[in-house]
Amino acid sequence: MESIWQIFAYDDAAPLLFTQFYFWVFLAVVMLIFSLIHSKILLRNTFLFLVSVFFYYKTSGIFTLILLFSTLSSYVIGLAIGKTAKRRTKNIWLVFGVIVCLSVLCYFKYAYLITDMLNDLFGLNIIVIDYFAILGNALMGSETFRVDVIMLPVGISFYTFQCISYLMDIYRERIEPVRNVLDFGFYVSFFPQLVAGPIVRASDFVFQLHKPFFLSRRWFGIALFWILNGLAKKIILSDYIAVNFIDRVFSNPTMYSGYENLTALFGYSLQVYADFSGYTDIAIGVALLMGFYLPKNFNSPYKALNAPAFWKRWHISLSRWLQDYLYIPMGGNRNATFGTYAVIVTIAVIATFLSANIWVAIVILAITAICIITALLRPEKKKLITTNINAMNTMLLGGLWHGASWNFMIWGGLNGIGMIIYKLWHPLNIYFRVLTISSLTLFMWLLSDRQPNPLWNIGLFWIAAIAVGTTIQMLYHITRLPYQFAWVSRAWKITQTFVFITFTRLFFRAGSNLDPAEANAQAWSTATDMINRIGSKWQTDIIPQITFEFWDIFVLITIGMIIHWISEKTKRRYRLWFAMCPIWLQLIASVVIVIILYQFVTADLQKFIYFQF
C-alpha cells in the first residue's frame, strides 16, 4: 500500500522530470489509454487535462491549486470578454483578467522585491507570508507547508503568459472563447510544454482542441527523433558537461585559470541551449505522438549574424509573446506611448532598489530625457528613437521576467544595448565605422595601459578584433574586388554575435539558482571573479595540461557546436531519413541511443534550467 502511495504522491526531493524512468512509464500508460479513446474528442481532451494536472502535481505538489485557479479564472473572464459587445466593457474585462493573471505571477515571483521596496520607501515592516501555504495546510489538516517562505511554482510564468494570450486573442477577435472548461483546462495545462514551454498562444492551439487525431508513419518517426534528440541534448550536452566542469568553475572561479573560466563560460552557452532546446524537443515529440503540434522554440540561435537576429531564433515563443503583447502595445516602431514612459519610470525605480544606487535611476532618466529632446528637435529621428526605447524596455522587462535581481536586469540591458548598437551601427558609412572603431580601439589601449584592469583587457581584445574585420570590409569596398570569401564574413559575424551573447550570459548564469536575497551580491562577485581571471595574464604553459585533463568535456563542447552549426538543410535531411526508416530499425536505434545516454547519466538528475523561471 505504501509503495502505491509513493507512485501517486508528490516528492519534493524528486519532482517528475523528462529524464526520469518514471516519466516514460507515465507516458506509456497515458499513450495506452489515449489509443483507446483518441477518436472521442471530449473524452480525449478531458483525459489529457486530468493527466496533465496529475503531471503538474508530481512536479509541483500543492502548487497545482495555483494552476487550477489561473485556469478557472481565465476561462470565466474569457467567456465574459467573448459575449460582451460593448468595447468599453470588453476593455474592463480584459484589464481585470490581465491584472488577475499578473497578480498571481507577481505574488510568487516578485513578493520579496515588492515587500522590500515598500518597507524601504515607507518605513514599514511587512513580513512575507505564503497565504497559499496556509490554505494548503488547512486542506491537509496539518502543518505540511512553510508559511514564512514563498516558493516559486514551476512553470508559473509559462502558463500565466498562455492565459494572457488567450484573453488578448479573444479581445482581438482572433479566436472565439472555449466553451467547455475541460477543453480550456487541457489547453492551459497540456503536460509536454506545461512547465518550461514553449509558450503556446491560444490562436495557435485552440483550433487543435477539436481536431481529429492523426499520426502518420512519417510523423511518428519525426516525433521519435525529436524525443531522442532532446534527451541527447539534455543528458550529454547539458548535464554531463555542467556537472563535470561548468558548475565547478562557476562555483569558485578563483580556483581555476583564465583559460578554464573562458571555456566554462562558452561551455555554458552550449549547456543552456542544449538544456532548454532539449526540453522543447522532447515536448514537441511527445505532443506529436498525441497528434498535437507545438510551435518551434529554437532555430539554431548561434547561427545568428547579429543580436536582433539572435532573439528571433532564441526562445521564439517568448520573443514573439513579448513583441505582440508588450512591445507593440507600447507603441512598437511607431511611437512612444504612456506605457513606454510608465515602464521607464518603473524600471528606474526597480533598478535603483536592486542596485542600491540612486545614480542608476538618474542615468536611466537622463538618457530617456536626452532621447525625448532629440526626438523633438529632430523629428526625422523620432521613429528610430522611440523604436529603440521600446525595444530596450522590452529587453529589460524580459530580464526581470527571469528573476527579480540586479544580474538579470544587467543581462537584459546588455542584450538591449547590443540590439540598439547594431541597428545604429549597421547603416553607417563604412569609412565612418572604421574611424570610429579604430578610435575606440586606441582609447581602450590607452585605458588598459594607463589604468590596468582585466575588464579593459577583454574589451580591448574584442574591439580590436571588430576593428580588424571592419577594416577588411573597407578595403574590399575601396578596391571593389569581388568578395570571394563571403562565408568568412558570415562566420566572422556569427562569431562576434556568439561571443557577445556568451559574455552577457556571465550575469545570467552567475545569479541563477540563487535565492533573490543573495543573488545580487553573489552574482556580482562570481561575474567579477571570472572577468578578473579571464582578463588577467594567462599561464599558457598549463593550457595543454588542462585540455588533456578535461579532454572529454572539450570534445563534447566542440561536437555540440559543430552539430549546431550544421546547415538546416542537412539536419532536415537526416531527420527525414530517420523518420522514414523501417520501424524495426528505429527501435534498434532507439535502444542503442538510450544505452549510450545511460553512460552519461549523472548521479543526481539535473532539473531543466528554465524550471526556475
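The values are calculated or read from the model by the stated rules, or taken from the named source; none is laboratory data. Values in this document were obtained by computation on a predicted structure and should not be read as measured data. Here the Cβ is made from the backbone with ideal geometry for all residues, glycine too, and neighbour counts use every protein chain on show. In case anyone asks, the SASA skips ligands and DNA or RNA and just uses the protein heavy atoms, side chains included. Shrake-Rupley method; radii C 1.70, N 1.55, O 1.52, S 1.80 Å.
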Mind checking the full-extension length gain between Ile566 and Ile358? Use 0.36 nm per residue of separation minus the Cα-Cα distance, one decimal, nm.
-> 70.1 nm
What FRET efficiency comes out for the pair Lys40/Cys581, r = Cβ-Cβ distance, R0 = 22 Å, nearest 0.05?
-> 0.10
Considering only Cα-Cα distances, which of the following residue pairs are longer than 28 Å: Lys233/Lys312; Lys58/Lys303; Lys211/Lys296; Lys233/Lys493; Lys211/Lys233; Lys109/Lys381?
-> Lys58/Lys303; Lys211/Lys233; Lys109/Lys381
Find the centroid of the Cα atoms in the stretch 327-399 and in the stretch 230-254, then give the distance between the two in whole Å.
-> 37 Å
For the peptides 292-302, 388-398, what is the packing order when you average, over each peptide's residues, the other Cβ atoms within 10 Å and list the highest mean first?
-> 388-398, 292-302
For the stretch 18-116, run through the trypsin sites (Lys or Arg not before Pro) and keep only the ones in DSSP coil with at most 14 other Cβ atoms within 10 Å of their Cβ.
-> Lys40, Lys86
Mind ranking 309-321, 263-275, 61-73 by how tightly packed they are, going by the mean number of other C-beta atoms within 10 angstrom, highest first?
-> 263-275, 309-321, 61-73
Say a site is exposed when it is one of the GluC sites (Glu not before Pro), sits in a DSSP loop, and has at most 15 other Cβ atoms within 10 Å; what is then the longest site-free stretch of the chain?
-> 174-613
1.4 Å probe accessible area per residue over the chain, in Å² = 49 Å²
Evaluate the distance, in nm, between pseudo-label points positioned 7 Å from the Cα of Met255 and of Leu455 along their respective Cα→Cβ axes.
-> 2.6 nm
For labels at Arg248 and Phe338 in the simple 7 Å Cα→Cβ model, what's the distance in nm?
-> 5.7 nm
For Asn252, net neighbour charge (Lys/Arg +1, Asp/Glu -1) across residues whose Cβ lies under 15 Å away | 0
Can you give the FRET efficiency for Leu124 and Leu50, using 1/(1 + (r/R0)^6), R0 = 60 Å, r = Cβ-Cβ distance, to the nearest 0.05?
-> 0.85
Using θ = phi - 60° and Karplus 6.51 cos²θ - 1.76 cosθ + 1.60, couplings along the stretch 403-409 (whole Hz; Gly, Pro as x) = x, 8, 9, 4, 5, 6, 5
Can you pull the accessible area of His38 for me, 1.4 Å probe, Å² to the nearest 10?
-> 60 Å²
Compute the length gained on full extension between Phe432 and His477: take 0.36 nm times their separation in residues and subtract their Cα-Cα distance, giving the result in nm to one decimal.
-> 14.9 nm
If ligands, DNA and RNA are left out, what is the accessible area of Trp565 with a 1.4 Å probe, given in Å² to the nearest 10?
-> 110 Å²
In the chain, carbon and sulfur make up what percent of the accessible area (probe 1.4 Å)?
-> 69 percent
Among Leu17, Gly332, Gly78, which residue has its Cα positioned farthest towards the positive end of the charge dipole of the chain, with +1 placed on the Cβ of Lys and Arg, -1 on the Cβ of Asp and Glu, and the dipole taken about the Cα centre?
-> Gly332
Here FRET efficiency (C-beta to C-beta, Ala589 to Trp462, R₀ 51 Å, nearest 0.05) is 0.75
